[in-house]
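Visitor: Next up is a structure, given as structure tokens.
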Amino acid sequence: MLIKLRTRLFFLVPHHLELFYLKLINITTMKIIHRIIFLLFCLLGITCYLPVKAQIVLVDNGKTKSRIVLLDNNQVNQTSANIFQSFVRTISNCTLPIVKGQNARKGDVIISHKVPNGVTEDGFKLSTEGGILQISGSENGTVYGVVTLLEQYLGVDYWGENEYSFTPQKTIALPLINVIDNPAFRYRQTQCYAINSDSIYKWWNRLEEPNEQFAASYWVHTFDKLLPSSVYGKEHPEYYSYFKGKRHPGKASQWCLTNPEVFEIVAQRIDSIFKANPDKHIISVSQNDGNYTNCTCDACKAIDDYEGALSGSVITFLNKLAARFPDKEFSTLAYLYTMNPPKHVKPLPNVNIMLCDIDCDREVTLTENASGKEFVKAMEGWSKITNNIFVWDYGINFDNYLAPFPNFHILQDNIRLFKKNHATMHFSQIAGSRGGDFAELRAYLVSKLMWNPEANVDSLMQHFLHGYYGEAAPYLYQYIKVMEGALIGSGQRLWIYDSPVSHKYGMLKPALMRRYNHLFNLAEQAVAADQTFLKRVQRARLPIQYSELEIARTETEKDLLDINKKLDLFEERVKEFRVPTLNERSNSPIDYCKLYRERYMPQKESSLALGAKVTYIIPPTGKYAALGNTALVDGLFGGATFVDSWIGWEGTDGAFVIDLGEAKDIHSVETDFLHQIGAWILFPLKVVYSYSNDGEQYTPWKTIDLPEERTGEVKFRGVKAESAESIKTRYVKVEVTGTKECPTWHYGVGHPSWFFIDEVIIK
């Protein structure tokens, strides 16, 4: 029966897959056989059909039969040859010699930059016509042709950082091939930790980096690099944005785009950059990070009002640059306040619009929720006035890289949408940190889709899971699908500053967490005998372990033994897998574990403020006013994301009184503050403590001035007043002086800042 099955399938599969199948067929249980068949058909979804008759033999029974001939001796072709030679040697133990400037003979491999008809930028042609394998391409196309050949015809799969698999072969033969393959996007960028440490990984996934294309690596948020406020800000504040009645020169400020001196200085600077980088033809001239920091002087406002969008003055400025340098390309952001297109002015052909969907939720595709529909409307507007669009898409949780982020189901439809609307360049900013939620799988899928948006995503996922996780694959696939359904069923948003705590009653509720852990237990059991697969599964489990810890710290009732056990294991694993950070702010997971024990585990001495009455003199902002009735005295400390346990004040000072109910002996009072510059949350300037027995007359206790903090890391700061002798009092007053306005170094410059408190501790 098994032989018959093999015969029936033989004509469908390439030689390397047949060998793989025969190797596995010795397993006798029907359960395993069914799984093999399922895997086989998943592989067929992305594998080319190979006829039985070989067209070219590269290696014959362990003997080299071919050479690699370089017709054009350039770096790309040399890289192509080196990669092909290396993997053929790995597969067969035979080395194909690389020769230059020689005539090819039958059976040879020619690598050439002569661009065939029908090949576009980074595209390639593979041909075995005339008994010679010809690999030719445009730009990086020859490298991409080589890795495609290795992947689809020689059975090599490249999974992650120095992680690949192959089937050893004594004979390597190629069928008749005549293929042209072009990418959907001329520029493809994503994130994965492997890019920084494994050069082959980048080539294999057909990815590019900004420094390879953009002059002097000027590719985003370049205003301050081109017109440094440190140089011009003091003497020429008129070069910078005017709003709220004054100019705002600063590192994060925008330009006054109608100032002619600004244009000339920037044009001269750009000219010098291109002269210093003659091999580059594109540069980014784009707003600094931050929202609604644009110039509203009379001249700038007049343009934006006429155009019906804040992008009007930007495009007008960029068109002037593009006209001055018609042989160069200028990329600019359509981001936050500039997302919507202008009504009248059209970008010149050499103006590239970098359109960003930063404000969109991710639980469904961009066409299905309100935030996404707003972006789609903007994208469709841009696509009517330009064919030169760069889409920057976000598939990342900036605040919690290690939190689950189930968005696989939306990737393909969104990428198709970008392509449909004239996007020619694409950056998929995914959670590519080591230890991040399926970082390797996510990068693999996105890379494949940026090349071909019509690829079979489910087949790709199955292929990767089976190749990378072995027999654990079915359980991990089920885990992904269960969580995906749980997210959609919960009706909750998935966004780029999310927290596991936000989903503790949805996709991360207890019943589902038990299900996820059960599936991971089964996955680990399935590969227990293979340390490589087992370690990969354990690394994929980190987001669930992290979520358990994050949710546990928000619960008043805690199983301390269980939490300590989970915390110890999490710490052990992040060390073992060298996880560098939990978020974009570079907070170390090792520091997190230390902080967790100090901050979130019960202390020996409880706060006297637990459950006390809080009366606000200056109430918190917005929704925090209601939350503030209990959140400052509930014994729960907030995390790095401000979505839980924190109470905030925006653009103002804060003041409140803690009523202990009766006079008590106290030695100290402490308030705990958050620093999170990404959310415009800054430490306050000053905290004043005082106490009273009647709630009317207060005795000053301590005034504490706080130093400015500019670090990008998320930080917590306890501000404490204490006395050696006890103070008998009923009321404790806390007065906080906030920064109120984001300073010049911050990308919210000129706009209201926040301060947040999560707990008042009185002992």
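Visitor: Could you check Val391 against (1) crowded, with 24+ Cβ neighbours inside 10 Å; (2) under 30 Å from Leu318 (Cβ atoms); (3) touching a residue at least 40 places away in the same chain (Cβ under 8 Å) and say which number it fails?
Guide: Val391 satisfies all of (1) crowded, with 24+ Cβ neighbours inside 10 Å; (2) under 30 Å from Leu318 (Cβ atoms); (3) touching a residue at least 40 places away in the same chain (Cβ under 8 Å) except (3).
Visitor: For the range 488-505, enumerate the residues that are assigned to a loop (DSSP other than H, G, I, E, B) and farther than 14 Å from Gly639 by Cβ. Even if it seems obvious, please write down each step before you answer.
Guide: So the first thing to find is which residues in the range 488-505 are assigned to a loop (DSSP other than H, G, I, E, B), and the list is 491-499, 504-505.
Result: Gly491, Gln492, Arg493, Leu494, Trp495, Ile496, Tyr505.
Every residue, every condition in (1) acidic (Asp, Glu); (2) in a loop (DSSP other than H, G, I, E, B); (3) not assigned by TED's automatic domain parsing to the domain that holds Gly718, yes or no:
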residue: Leu561; (1), (2), (3): no, no, yes
residue: Asn564; (1), (2), (3): no, no, yes
residue: Glu572; (1), (2), (3): yes, no, yes
residue: Val579; (1), (2), (3): no, yes, yes
residue: Glu584; (1), (2), (3): yes, yes, yes
residue: Leu595; (1), (2), (3): no, no, yes
residue: Ser606; (1), (2), (3): no, yes, yes
residue: Ile617; (1), (2), (3): no, no, no
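Visitor: Out of the residues in the range 647-698 that are under 30 Å from the mean Cα position of the chain (by Cα) and aromatic (Phe, Trp, Tyr), state the one that is farthest from Asn587 (Cα to Cα).
Guide: Ranking the qualifying residues of the range 647-698, first place goes to Trp649.
Visitor: Kindly evaluate Lys728 against the criterion of being among the basic types (Lys, Arg), touching an Asp or Glu at 6+ places or on another chain (Cβ under 9 Å) and either closer than 26 Å to Asp644 by Cα or not assigned by TED's automatic domain parsing to the domain that holds Gly622 (or both).
Guide: Values: among the basic types (Lys, Arg): yes; touching an Asp or Glu at 6+ places or on another chain (Cβ under 9 Å): yes; either closer than 26 Å to Asp644 by Cα or not assigned by TED's automatic domain parsing to the domain that holds Gly622 (or both): no.
Here the answer is no, as Lys728 does not meet what is asked.
Visitor: In the set Thr148, Thr142, which member is modelled with pLDDT of 95 or more, more than 21 Å from Val57 (Cβ to Cβ), crowded, with 19+ Cβ neighbours inside 10 Å and not basic (Lys, Arg)?
Guide: Numbers: Thr148 fails: more than 21 Å from Val57 (Cβ to Cβ).
Being modelled with pLDDT of 95 or more, more than 21 Å from Val57 (Cβ to Cβ), crowded, with 19+ Cβ neighbours inside 10 Å and not basic (Lys, Arg) holds for just one of Thr148, Thr142, which is Thr142.
Visitor: In the range 422-444, how many are assigned to a helix (DSSP H, G or I), buried (at least 22 other Cβ atoms within 10 Å of the Cβ) and either assigned by TED's automatic domain parsing to the domain that holds Glu121 or out of contact with any Ser or Thr (no Cβ under 7 Å at 6 or more places or on another chain) (or both)?
Guide: Residues meeting the conditions: 3.
Visitor: Would you mention how many residues in the range 131-150 are under 18 Å from Ile68 (Cβ atoms) and either in a loop (DSSP other than H, G, I, E, B) or not β-branched (Val, Ile, Thr) (or both)?
Guide: Just the residues of the range 131-150 that are under 18 Å from Ile68 (Cβ atoms), to begin with: 131-137, 140-150.
Then keep just the ones that are either in a loop (DSSP other than H, G, I, E, B) or not β-branched (Val, Ile, Thr) (or both); that gives 131-134, 136-137, 140-141, 144-145, 149-150.
Qualifying residue count, the range 131-150: 12.
Visitor: Looking at His746 and the list (1) out of contact with any strand residue (DSSP E or B) (no Cβ under 9 Å at 6 or more places or on another chain); (2) at pLDDT 95 or above, which single condition is not satisfied?
Guide: If we test His746 against (1) out of contact with any strand residue (DSSP E or B) (no Cβ under 9 Å at 6 or more places or on another chain); (2) at pLDDT 95 or above, just (2) comes out false.
Visitor: Being of a type in the set (Asp, Glu) and closer than 19 Å to Asn407 by Cβ is the filter here; which residues of the range 462-511 pass it?
Guide: Selection gives Glu484, Asp498.
Visitor: When Trp219 is evaluated against the numbered criteria (1) of a type in the set (A, V, I, L, M, F, W, C); (2) in contact (Cβ under 8 Å) with a residue 12 or more places away in the chain; (3) not in a loop (DSSP other than H, G, I, E, B), which criterion, by number, is the only one it fails?
Guide: Exception for Trp219: condition (3).
Visitor: Is the range 226-237 home to any residue that is in the same structural domain as Asn352 (by TED's automatic domain parsing), in contact (Cβ under 8 Å) with a residue 24 or more places away in the chain, under 21 Å from Gly678 (Cβ atoms) and crowded, with 18+ Cβ neighbours inside 10 Å?
Guide: Scanning the range 226-237, I find at least one residue that is in the same structural domain as Asn352 (by TED's automatic domain parsing), in contact (Cβ under 8 Å) with a residue 24 or more places away in the chain, under 21 Å from Gly678 (Cβ atoms) and crowded, with 18+ Cβ neighbours inside 10 Å, so the answer is yes.
Visitor: Within the range 461-469, can one find any residue that is part of a helix (DSSP H, G or I) and free of Cβ contacts under 8 Å to residues at least 12 places away in the same chain?
Guide: Checking the range 461-469: not a single residue is part of a helix (DSSP H, G or I) and free of Cβ contacts under 8 Å to residues at least 12 places away in the same chain.
Visitor: I'd like the full set of residues that are more than 17 Å from Phe263 (Cβ to Cβ) and surrounded by fewer than 22 Cβ atoms within 10 Å (Cβ to Cβ), limited to the range 283-306.
Guide: Once the filter is applied, which keeps residues that are more than 17 Å from Phe263 (Cβ to Cβ) and surrounded by fewer than 22 Cβ atoms within 10 Å (Cβ to Cβ), the range 283-306 yields Asp289, Asn291, Tyr292, Thr296, Asp298, Lys301, Asp305, Tyr306.
Visitor: Please find, within the range 664-678, the residue that is farthest from Gly738 (Cα to Cα) out of those that are of a type in the set (A, V, I, L, M) and in contact with a strand residue (DSSP E or B) (Cβ under 7 Å, 6 or more places away or on another chain).
Guide: Ile666
Visitor: Can you spot a residue in the range 713-727 that is part of a loop (DSSP other than H, G, I, E, B) and at pLDDT below 95? Steps first, answer last, please.
Guide: Within the range 713-727, the first condition is being part of a loop (DSSP other than H, G, I, E, B), and the residues that meet it are 713-714.
Filter once more, so that each one left must be at pLDDT below 95: 713-714.
Scanning the range 713-727 turns up at least one residue that is part of a loop (DSSP other than H, G, I, E, B) and at pLDDT below 95.
Visitor: Mind listing just one residue for me: the one in the range 303-356 that is under 18 Å from Leu226 (Cβ atoms) and among the aromatic types (Phe, Trp, Tyr) and, of those, farthest from the chain's Cα centre (by Cα)? Give the derivation first.
Guide: From the range 303-356, those under 18 Å from Leu226 (Cβ atoms) are 313-325, 328-333, 335, 338, 350-352, 354; that's our starting set.
From what is left, the residues that are among the aromatic types (Phe, Trp, Tyr) are 317, 325, 330, 335.
Working: Phe317: 30, Phe325: 33, Phe330: 24, Tyr335: 17 Å.
Top of the filtered list is Phe325.
Visitor: Here's something else I'd like to know. Checking Thr167 against (1) in a helix (DSSP H, G or I); (2) under 20 Å from Ile91 (Cα atoms), only one condition comes out false. Which one?
Guide: Among (1) in a helix (DSSP H, G or I); (2) under 20 Å from Ile91 (Cα atoms), Thr167 violates only (1).
Visitor: Across the range 95-140, what is the number of residues that are acidic (Asp, Glu) and in contact with a Pro (Cβ under 6 Å, 6 or more places away or on another chain)?
Guide: 1
The values are calculated or read from the model by the stated rules, or taken from the named source; none is laboratory data. Source: prediction; values computed, not measured. All Cβ positions, glycine included, derive from the backbone under ideal geometry; neighbour counts span all protein chains shown.
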